[in-house]
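As structure tokens, the structure follows; a few thoughts come after it.
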Amino acid sequence: MTNPPYILGIESSCDDTSAAVICGTKILSNVIAGQKIHAEFGGVVPELASRAHQQNMIPVVDTALKRAGISKEHISAIAYTNGPGLLGSLLVGSSFAKGMALSLNIPLIVVDHLKAHVLANFLDTEENKPKPEFPFLCLTVSGGHTLLLMVHDYFNMELLGRTIDDAAGEAFDKSAKILGLPYPGGPVVDRLAQQGDPKRFTFSIAKLPDLNFSFSGLKTSFLYFVRDRLKENPNFIEENLNDLAASIQYHIIKSLTDKMEKALKQHKCTNFALSGGVAANSELRKRMTELAEKYNLRVTIPPLALTTDNAAMIACYGYFKYLQEEYAGLDVVPYSSITS
């Protein structure tokens, strides 16, 4: 039996420059360089992000190889994020991956960022948890996307529902901004919410008949509520911060869990999974675990380090494509939005 291939993964879809090396589905290194500069603007600035990727790419890849204990000559293939994401950021990653693959004369593999989030559940981790079994439902939740998928196999993922406006992660960040909290706001809201009363304040949740999501109305409801209370009491946010955080988090998470429960009733699966940056939210992880117990199902949730954008998940998807010899040419161009 031949040894599993070494796959170098490169991720640059937004503001994190990441490189990872895996052998089979075992993570040998997973290096992430963030970009703190965006915090002062309250969100990611595309032009600044692409410039930072150019500065970070070579040292991040070099560090990933060193931590994995291999040289570039050991790499069997290079997998990189081809979309969706910020076009300028994607171009930096794709250009580097193409140049390196060409120089080493090894296969190039393009990866869909959102599908890679799902496959993060198949990486070997220290917890050694069971991996999902096909078919399974997967809720992919991030700052830019909210998707409900039926995953038939590694490459066949059926879209059952998606947000028709804002993503859940965006709702977290915008709500945090309304409260005067720093960017990114999701983790801050999660931390404050643990000390608050989630039933203290009530906001409107969109009631769509299908499996699609909507967070625009909830975000607007929260904005108007806080604005009106501030007119009555300028110290309203400061005096009720924990309860406000807990209440908006409760409503965002309830919207997600209600749709997952509806999907579980409609589609017979023995297991389901969670993926994406918002999968790091402690309340969402708790509620999904409770949902699994309620229906006697198994839920797979990635470790915190594999929920956010990272190159290990890109390399993992690349590994399964490598086994199928599904390679890409140098003429492939990145895409900024969901294509299917």
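The values are calculated or read from the model by the stated rules, or taken from the named source; none is laboratory data. Computed from a prediction, not measured in an experiment: that's the story for all the values here. Reconstructed Cβ throughout: ideal geometry from the backbone, glycine too, with neighbour counts over all protein chains shown. Quick note on the areas: whole protein, heavy atoms, side chains included, nothing else; ligands and nucleic acids left out. Shrake-Rupley method; radii C 1.70, N 1.55, O 1.52, S 1.80 Å.
Quick notes
- Of ASN242, ASN105, ASN56, the one that fluctuates the most in a GNM where the chain has Cα springs shorter than 10 Å: ASN105
- When both segment 177-191 and segment 196-227 are represented by their alpha-carbon centers, they are found 17 Å apart.
- Length available on full extension from GLU239 to LYS286: 0.36 nm per residue minus the Cα-Cα distance, which gives 14.2 nm.
- Taking θ as phi - 60° and the Karplus parameters 6.51, -1.76 and 1.60, the scalar couplings of segment 148-153 work out to 10, 10, 9, 9, 7, 7 Hz in sequence order, x denoting glycine and proline.
- Residues with amide H under 5 Å from that of LEU160, placed H, sequence gap 5 or more: LEU148, LEU149, MET150
- In this structure the amide hydrogen of LEU28, modeled in the peptide plane, comes within under 5 Å of the amide hydrogens of VAL21, ILE22, CYS23, none closer than 5 places in sequence on its chain.
- Linear extension gain, GLU326 paired with ASP197, 0.36 nm per residue minus alpha-carbon span: 41.4 nm
- Computed from Cα atoms, the angle from the helix 46-68 axis to the main principal axis of the chain rounds to 50 degrees.
- Three-way shape call for segment 122-223 based on the alpha-carbon gyration tensor, with the a/c threshold at 1.5: oblate
- Residue by residue, segment 268-274 carries 3J(HN,Hα) couplings of 7, 9, 8, 7, 9, 9, 10 Hz when phi is fed to the Karplus relation 6.51 cos²θ - 1.76 cosθ + 1.60 (θ = phi - 60°); x denotes Gly or Pro.
- Mean sequence separation of contacting Cα pairs (under 8 Å, at least six apart), scaled by the length of segment 207-340, corresponds to a relative contact order of 19 percent.
- Cβ-placed point charges (K, R +1; D, E -1), dipole of the chain about Cα centre in debye, nearest 20: 480 debye
- Principal-axis tilt of helix 168-178 within the chain, Cα atoms, nearest 10 degrees: 50 degrees
- Structure remark: mean-square fluctuation, Gaussian network model of the chain, C-alpha springs under 10 Å; the largest value among GLU73, GLU133, GLU158 belongs to GLU73.
- In this structure, every pair taken from LYS72/LYS98; LYS262/LYS294; LYS177/LYS219 has an alpha-carbon distance of 18 Å or less.
- Remark: for residue pairs LYS286/LYS321; LYS174/LYS254; LYS199/LYS265, the C-alpha separation exceeds 21 Å in LYS286/LYS321; LYS199/LYS265.
- Length gained on full extension, ASP165 to TYR335, computed as 0.36 nm times the residue gap minus the Cα-Cα distance: 59.2 nm.
- Sequence-distant residues sharing a close amide H with ALA273 (under 5 Å, placed H): LEU137, CYS138, LEU139, THR300
- Within a Gaussian network of the chain (alpha carbon springs, distance under 10 Å), most fluctuating of ILE237, ILE78, ILE301: ILE237
- Sequence-ordered 3J(HN,Hα) estimates for segment 105-110 from the Karplus curve with 6.51, -1.76 and 1.60 and θ = phi - 60° stand at 6, 10, x, 10, 10, 8 Hz, glycine and proline given as x.
- Mean-position separation - Cα centroids, segment 120-142 and segment 254-279, in angstrom: 13 Å
- Portion, in percent, of the accessible area of the chain that falls on carbon or sulfur, probe 1.4 Å: 51 percent
- Taking only the C-alpha atoms of the chain, the Rg (one decimal) and the largest Cα-Cα distance, Dmax (whole number), read 20.4, 72 Å.
- Antiparallel DSSP beta bridges within the chain, percent to nearest 5: 60 percent
- Cα shape, segment 60-124, gyration tensor, a/c 1.5 rule: oblate
- Accessible area in square angstrom per residue, the chain, 1.4 angstrom probe: 45 Å²
- Inverse of mean 1/r across different Cα pairs in segment 224-340, Kirkwood, Å: 18.0 Å
- Relative intensity, log₁₀ I(q)/I(0), of segment 71-190 from a Debye sum that treats every alpha carbon as a point, q = 0.12, 0.20 Å⁻¹: -0.64, -1.17
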